[in-house]
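The values are calculated or read from the model by the stated rules, or taken from the named source; none is laboratory data. These numbers come from a predicted model, not from an experiment. Virtual Cβ from ideal backbone geometry, glycine too; neighbours counted across all protein chains shown.
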Amino acid sequence: MKRKPGEKQAAASRANGKNSHGPVTPEGKLRSRRNSTRHGLLARAIVLEGESRDRFNDLVRQLNEALRPQTQIDHLLVGKMAASHWRQVRVCNLEREGEKTLGDHEMRLDRQFFRTLDRYLKLQAIPPKVFPGKRTPEVIDSKGKSPNSPTQSEPNLNPI
C-alpha cells in the first residue's frame, strides 16, 4: 500500500513542478534531442553534428571512382559501404578518446563493409548474358508481359 506524502513533501513537489519542464526554444529542443547520443553508431543519420559532410562526400566519391557503380543497386551497395566505413572511423576516433566498449561495434561494421563489398563484386561478376543490359530489374507492363522477355529458343536466365 502506498503512503501519502506528508505536507512538506507535497509542498516541495509543487514547488519543483513550477520549475522547468524541458527546453522551450527550437534550439534547446534540437540540442536536447541529442542528449542520449553517446557514440552515434546506431543513429539514423550517417554524418553527425560535428562531423564533416565534405569528408563523407569525399569518401563516397572515392568509392564511386574505385568501384564505378552502374545501376541503382550498385549505388546502394556503395552507399552502404561508405556508411559502414564512416561509422568504423567514428569507432576508431572514440576509442582514441578513451571509449572502451566499442569492440563489438567495430567488428560488426567491419563485417558489414566486407559483406557488402563481396555482394557488390559478385554482382559485377554476373556475365552480361545472364544479366543483360545495365543489370536492372525487368519492367512488367499492365498485361504482365515484359518488353524484353526471352523468345522460345532463349531461356530466361535473369535471376531477378
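Tally time: how many residues in segment 52-74 are more than 16 Å from residue 118 (Cβ to Cβ) and surrounded by 15 or more Cβ atoms within 10 Å (Cβ to Cβ)? It would help to see each step written out before you state the result.
Step one: list which residues in segment 52-74 are more than 16 Å from residue 118 (Cβ to Cβ), which gives 52-62, 64-65, 68, 70-72.
Now narrow it down to the ones that are surrounded by 15 or more Cβ atoms within 10 Å (Cβ to Cβ): 56, 59-60, 64, 71.
Number of matching residues: 5.
Checking the condition modelled with pLDDT of 80 or more, small (Gly, Ala, Ser) and either in a helix (DSSP H, G or I) or closer than 30 Å to residue 86 by Cα (or both), which residue from 11, 43 passes? Don't jump to the end; show me each part of the working.
Details: 43 fails: modelled with pLDDT of 80 or more.
Checking each option against the conditions leaves just 11.
Testing residue 36 on (1) out of contact with any helix residue (DSSP H, G or I) (no Cβ under 8 Å at 6 or more places or on another chain); (2) modelled with pLDDT of 80 or more; (3) in a loop (DSSP other than H, G, I, E, B); (4) not hydrophobic (A, V, I, L, M, F, W, C), one condition comes back false. Which one is that?
(2)
For segment 75-102, give me the residue count where each residue is over 14 Å from residue 117 (Cβ atoms) and hydroxyl-bearing (Ser, Thr, Tyr).
Here the count works out to 1.
Let's see how each residue does on (1) modelled with pLDDT under 80; (2) assigned to a helix (DSSP H, G or I); (3) more than 17 Å from the chain's Cα centre (by Cα); (4) among the small types (Gly, Ala, Ser):
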{"site": "57", "(1), (2), (3), (4)": "no, yes, no, no"}
{"site": "60", "(1), (2), (3), (4)": "no, yes, no, no"}
{"site": "82", "(1), (2), (3), (4)": "no, yes, no, yes"}
{"site": "91", "(1), (2), (3), (4)": "no, yes, no, no"}
{"site": "98", "(1), (2), (3), (4)": "yes, no, yes, yes"}
{"site": "107", "(1), (2), (3), (4)": "no, yes, no, no"}
{"site": "112", "(1), (2), (3), (4)": "no, yes, no, no"}
{"site": "149", "(1), (2), (3), (4)": "yes, no, yes, yes"}
{"site": "157", "(1), (2), (3), (4)": "yes, no, yes, no"}
